[in-house]
Amino acid sequence: MNSTQGRSLEVHRLPHGSAVLVDGACGSCGSCMAGAGLHCTRPLAEGRVLTEPVPLAVAEELLAAIFAVAALAEVPETDTVVVAAQDSSSLAVLVRAISPSRVLLATDLRDDTLRAELSRLEPSGRARVVVAGGDVRAAVRAVRRGGYVCVGGPALDLPSVTELVQREVSLVSPRDAAAVLDRVSAQVWSAAVAAAA
Ligand SMILES: [Zn+2]
């Protein structure tokens, strides 16, 4: 599993407790040419500043949310996406703004209300796509057989290979987070910053 280290989209600290997100992708190496600029092999020393300054205290949360949305951008469109996050989080703001799917949120994927809603919406009672929080194993157990689990950052609890293979679940990582950030309007970004704890 990738960690957030070694990725070309990073938090850069500014004076006075603020920070910006900077994209260091070179745009011309093999990874960049393959649409995986996040894994640029020749990152620029002076990257491209993608955001207005945000409070340093929320910069990492915003970066993690962008990574999770970028992982979601890699999977086929589907009717319903389940996101393991709080309803009022920056991740919720960004997924709702960018995904064309119906978005259901729950911090606990075994939540009764979530399960009841999924039974109503999906023949299998499970979503085809789940955006994991830290607990990837819970997301793998919650997703439909043959589905996709989007993993933005470091995983706290990983499923075994057997669990993945038996249920034919694919784990999906972000490839181009800067492209996602480019699609976020100033208004949505402000809402995401405000929502970050
Ligand atoms: Zn590159």
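The values are calculated or read from the model by the stated rules, or taken from the named source; none is laboratory data. For clarity, every value in this text was computed on a predicted model and none was experimentally measured. Don't worry about glycine lacking a Cβ; one is built from the backbone with ideal geometry, like all the others, and counts go over all protein chains shown. When the accessible area is computed, the model is the full protein with side chains, heavy atoms only, and any ligands, DNA or RNA have been set aside. Shrake-Rupley method; radii C 1.70, N 1.55, O 1.52, S 1.80 Å.
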So what does T113 come to for accessible area, using a 1.4 Å probe and Å² rounded to 10? 100
Would you please give the FRET efficiency between A57 and D79, computed as 1/(1 + (r/R0)^6) with r the Cβ-Cβ distance and R0 = 35 Å, to the nearest 0.05? 0.45
Taking a 1.4 Å probe, which of E77, E163, E60 shows the most accessible area, and what order do the others take after it? E77, E60, E163
Extension gain, A194 back to L158 (0.36 nm per residue minus Cα-Cα distance, nm): 9.9 nm
With helices defined as uninterrupted DSSP H runs, which ones in the chain have an alpha carbon span along their own long axis of at least 24 Å and mean Kyte-Doolittle hydropathy of at least -0.5? 56-72
Correct semi-axes for the chain, from √(5λ) of the alpha-carbon gyration tensor and rounded to whole Å with the largest first, are 29, 19, 14
How much net charge surrounds G27 when only other residues with a Cβ under 15 Å from its Cβ are counted (Lys, Arg +1; Asp, Glu -1)? -1
For the stretch 39-109, count the residues as N, evaluate 2.2 N^0.38 Å, and divide the Cα radius of gyration by that value, please. 1.28
Kindly provide log₁₀ I(q)/I(0) values, in the same order as q = 0.21, 0.24 Å⁻¹, from the Debye equation applied to equal alpha-carbon scatterers of the stretch 91-197. -1.23, -1.39
Percent RCO, i.e. relative contact order, over the stretch 9-195, from Cα pairs under 8 Å lying at least 6 residues apart: 23
Could you tell me what % of all Cα pairs in the stretch 1-64 have separations over 17 Å? 42
In deg cm²/dmol, rounded to the nearest 500, the helical mean residue ellipticity at 222 nm of the chain, built from -39500 (n - 2.57) for every DSSP H run of length 4 or more, is -10000 deg cm²/dmol
Just subtract the alpha-carbon distance of S119 and H16 from 0.36 nm times their residue separation and send over the number in nm, one decimal. 32.2 nm
